Structure formats: C-alpha cells, structure tokens
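Taking it in order: structure first as structure tokens, then the write-up.
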Amino acid sequence: MKQFLVYVLATVVGILVTVMISTIGMFLMSIMMLFAGMASPASKIPSHSILHIALDGPVEERVQGRSFLDELQGISYNTVALNDMIKAINKAACDSKIEGIYLDCKGGAGGAATMAYIRESLMKFKESGKWIVAYSDAYTQSNYYLATVADSLWLNPQGVVDVHGLGGTMPFFKGLLDKLGVEMQVIKVGTYKSAVEPYIMTGPSEANREQINAYITPIWNYFCEGIASSRGVEPATVNQWADSLVMTQSQESLLREKVVTSLIYRHEAEEWMKEQTGKTGKKDRLGLVSVSKYVQSIKPEKASNNIAVLYAVGDIVDSGNEGIVGDKMSPLILDLAKDDDVDALVLRVNSGGGSAFASEQIWEALEQFKSTGKKFYVSMGDVAASGGYYISCGADKIYCQPVTITGSIGIFGLIPSIKGLLTDKLGVNVATVATNPEANIGIVDPMTPVQRAAMQSMINRGYETFVGRCAAGRDMPVDSIKAIAEGRVWDGQAALRIGLVDELGDLDRCIADLAADCGYDRYKVSEYPEPRGEWWEELLLSSEGVKERIVKAELGEAYPYYQAIRKVQRLEHVQCRMEEIVIE
C-alpha cells in the first residue's frame, strides 16, 4: 500500500510539474508572439523625404537583435547594418520620394573595406543627380572619408576634423605570461605567420613589420586618393593634413585649405535641407527617414531565380553560438545545396580565421555545394585571411575590394605550459605517473622533443592540406601558392596581382556578376543564416552571453585586451588565423 501511494504521489507531482512547465511555456510564447506582432508594418515614405544616415555606432555586416541584458539596462550600441545601409542607398537613388541623403557623422566607424563599400555606393547615388550633404561636430577619419563625397561638407564652427593616416596596434602578452609563469609553446609554418607573436614576443618581428607596412600603405594611399579627388586637392595635400595634425588647426584654416566647405551650426544645416525639400513653414518638420525605417518600406524582389548570400562573419570556431560555427555552418551549406529554391550562392566573408578543423569542414561543405552544378562566388569584406581565405579559396570566382586584407595562408599550433605558474607562483608540485614515455600530453609540463616533433609534423601536414586546397581552388601549382603563402598578409590590390582573387569589387558587384554569369535577367537575394532573434527570444532560448555583455560594459576600452586573453583559453590547438591588429 505504501509503495502504491508513493507511485500515485509521484504521478500527481509529475502531472503538476508538466502542467506548470506547459503553462509557463505557453505564457512566454504568448509574450514572444505579442512582441513579434508589435513589429512595425512596412513603412510608408512621404514625398520630399531625406534619407538620414546616422553614423553613431559601429558599422557591422548585419545587425543582430538586442539582448535581454541590453533591453533590461537600456543599453544601445547604435549598431549600423551595412547590408541595410547599402540597400537603402541603392533604392533611394531611384525613389522619387527621396530628394537627397544626409550623412550625420557622429563618430561611427567600420573596417576599411566596409567604409569603402559605403563610399562607392554613395558615389553611385550621386549619378542620379540627387544631393548629398554631410554634417559633424567632429569628423573622425573614417567618417571624413565618407563625408568627402558630399556636395556640402559642413562642420560646426567649433568642430574638428581628424586626418592622421593609418596605423596598426597590437597587444603583446609575453611580459604578462612570464609574470604568471605561463609558457606558450608554438609550432607553426610560415615566416609571416605572426598570430603567435603576441604570446612569445614583446614586439612585432621584422617580417611582421614588413608585411604590415606592405598592406597598410596601399590602403592609406587608396583612402588618400579618394579624399583628394573629392576635395579637389592633390594626395600630397591630404598627407600634409595628416602630418600637421589637422585636428589641432583653427576652423578658419580648415575652410581655407578646403578640408570642409562651410562652418555652420546644425540648425542651419537643417534649415538648408528644409528649404531644399519645400519645408518652408514655421511648423514644418524636416522629413528625415532613418535607414532602418526606409529598408522596411522596400518591397522584396519577386523573381523565380534566387541567389543566396551566406554571411560568414567573425572567428571560425568548431562549436558555440558566436562567429562562424563549423558544426552549424557546414550543415546549413549542405541544406542550401539541396534546396531547389536556391540557384546560386555568394559567401560573404569577413573573418581573420580560426579553427583549422572547422575551416576544413566548411570548405568541404562548399565543395559539396559546387558538386550540384550551382555556381558559388565569394565576396570578401574587411578581412578574409587565413581560415577566412581557406573557406573562400574553392569559389568559382573571388571578389574583394582594394582595401580588403586577405591571404595569410599558414597554420600554427599554440599549447600553453602552466608548470611555472603551478610550481613557482602557486607552490603546487606536480608528479607524473604514466605507462608510456609520452603519455603525459597536456598543459602542465612542457612538451618533450618527441612531442614537439610530432606536433610539428601534424602542423606541416595541415599546412600542406591548406596549400593544396588553395592550389586546387585557384588552379595554380602548389609551388606558386607556397611562394605567396608563408602566412603572408596582402591588401586587395596585391591579392589580385598575385592571383589570390579574381576581381576587385564589392558585394553588389559580386552578386550582379554572378546573376549575369548565370543568365538571370531578374533575381531575388535571400540572406542566411537567420539573424539572432530579439531579447524575448533570447530569454526563452538561452542565457549565454550575459556575462560577456556585463564585462564589456564594465571594461569599456579595455575590453579588447580581456577578450584577447580569453580567446587564448578557447583556441583549438591547430589554428588558421591571422594576427589581431586594429587599423585606424
């Protein structure tokens, strides 16, 4: 009888728990559906409108949904979506309701190729005969590069313009690791494979300095020539601005030297735009339309041919929820290969690489896509190097921009030894008992000569595989690939010259050429993977990333250094990755 009552009680409790979980789940799903239903319908754009491009945050390939923590704390990063911005600019050029573009430069920035892509789109917009104006209280260099395309380049009478040239910054952690008693054991192939240098050196090697100078110099020259052409001066003049720290000069000298066209206050700029759009009444409001609102008004293209654009952005990792995740990206590519509604593929790559294993899995999935007879092109963004190039090299055609950073065909292994930390710093003695001489392979003891030789052999095989993939994909001899490999990083113009890419052009050009090569008169573009959901979806599905966001908010500008140290802890042992460098 007692056992029977226990069973009955357990059953009742089970039913109650099931009902409670179901009720809570249905309640949360109702909330999610409510918020989803609150999404704005397609916006109607009034006549005499102005496309307002507010550069007040980082420009990223695509904008993800806000996290629960962001929503709770009211945090807004003002992220600007590159894909939305380009769509808006292209559509506005032929939209009779849009009279011009207002570049509101408040410090937002993106990578070199990102800003060049926006600038090129703005130059095409000007061919429509419509105007572009730019205003700022303080132009950053990247904002100024965009703003120079404007017909009117306005600056606050007390504002500044920053033009200083390009430089790269890299943190080096060897001093910190020495103090901690941690030795980073490196096995690599490639004289220029400098991603390991921050962990074993206190500054860049001569080979690394050589390659950095070799790619940032043409990138700066490209920017410099663009600014000079738009401002009607010589490139040497722009270099003079940079050398003289133009941001410290008086506003009158900026006007005199043609750095800007006018010194006016923001309300005066807005009055000019009102007059241009016929808003002359005292109560008339300036008809600004944000990029996000304008994109909502754009109706999707109706066509039978469908080109998939697959975004591969961030670090390449084996698994997880951030970056280019091998065990998610590979199945998605195979699904696209089998999808009869997908006729061709553009892989949009913006990555400095990562896991060699994940890079190989993605490469193989793309080979499977090609085997279906569907065309596969690659469009490179700011960087498509090392693992980023690995996943690109098999494409039918590769497009990059002149200021894209690519190449870095090399591979390395990074294994820490923490024996010094344990013994010398913490007083922990470690004893080893093993059945075989090389059984103890881990992060405590340094590698033995046998282990190091075995690891070097494995890295060498990985390098040969990488080089072989590139040689086959580019239809070049292996020796020709090795001559430009060794981990060497190249700018886009050099990459075209040595055969790493086929064409110079942005994502729009890549898609258009793919459509033409496929014989499509009309086509639609579908984007993959689905962007991360909004905060209520995150609340239901996952709590990961909350800690990271808190740390990011607290550390501020120091966050990248924390992130670099954390990244070492999560690295797979064999990496196809270029060095971390911030160019600004």
Next item on the list: Kindly provide the GluC sites (Glu not before Pro) of region 258-304 that DSSP labels as loop, not H, G, I, E or B, and whose Cβ sees at most 12 other Cβ atoms within 10 Å.
Entry: E301
Notebook entry, point to check: For region 332-477, what number of Lys pairs, 8 or more residues apart or on separate chains, have alpha-carbon atoms under 27 Å from each other?
Noted result: 7
Checklist line | Those lysines that a straight Cα-Cα span of less than 24 Å connects to K258, excepting residues fewer than 8 apart in one chain | finding: K106, K124, K126, K130
Checklist line | Between region 264-304 and region 152-185, the Cα center-to-center distance that results, in Å | finding: 36
Margin query: If amide hydrogens are placed 1.01 Å from N in the peptide plane, which non-local residues have theirs closer than 5 Å to the one on R348?
Written below: L310, Y311, A312, S379
Notebook entry, point to check: Considering amide H positions built from the backbone, and no H for Pro or chain starts, which residues 5 or more places from V160, or on another chain, come under 5 Å of its amide H?
Noted result: A138, Y139
Margin query: Please enumerate, by chain and number, the aspartates and glutamates with C-alpha under 17 Å from the C-alpha of K279, excluding those fewer than 8 residues away in the same chain.
Written below: E99, E268, E270, E271
Check: Across region 268-281, in residue order, what do the Karplus-derived ³J(HN,Hα) couplings come to in whole Hz, using 6.51 cos²θ - 1.76 cosθ + 1.60 with θ = phi - 60° and x for Gly and Pro?
Finding: 5, 4, 5, 5, 4, 5, 4, 4, 5, 9, x, 8, 9, x
Item checked: FRET efficiency estimate (nearest 0.05) - Cβ-Cβ, M476 to N239, R0 51 angstrom -> 0.90
Next item on the list: Heads up, I need the accessible area for H48: 1.4 angstrom probe, whole protein in place, Å², nearest 10.
Entry: 90
Next item on the list: Loop only per DSSP, at most 15 neighbouring Cβ atoms within 10 Å: give me the trypsin sites (Lys or Arg not before Pro) in region 276-310, ordered by residue number.
Entry: K282, K283, R285, K302
Note to self: Checking the cross-link filter: which lysines have an alpha carbon closer than 16 Å to that of K193, excluding same-chain neighbours under 8 positions apart?
What the structure shows: K482
Item checked: Hz values of 3J(HN,Hα) by residue in region 422-428 - Karplus curve (6.51, -1.76, 1.60), Gly and Pro given as x -> 5, 7, 7, 9, 9, x, 9
Margin query: Starting from 0.36 nm per residue, how many nanometres of slack lie between E503 and V444 once their C-alpha separation is accounted for?
Written below: 16.4 nm
Next item on the list: Report Rg (one decimal) and Dmax (nearest whole number) for region 350-458, counting Cα atoms only, units Å.
Entry: 20.6, 62
Margin query: What are the ³J(HN,Hα) couplings of region 343-348, residue after residue, when phi is run through the Karplus curve with 6.51, -1.76, 1.60 and θ = phi - 60°? Round to Hz, x for glycine and proline.
Written below: 9, 7, 9, 10, 8, 8
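The values are calculated or read from the model by the stated rules, or taken from the named source; none is laboratory data. In this text, all values refer to a predicted model and were calculated from it rather than measured experimentally. All Cβ positions, glycine included, derive from the backbone under ideal geometry; neighbour counts span all protein chains shown. The accessibility values were calculated without ligands, DNA or RNA, using every heavy atom of the protein model including side chains. Shrake-Rupley method; radii C 1.70, N 1.55, O 1.52, S 1.80 Å.
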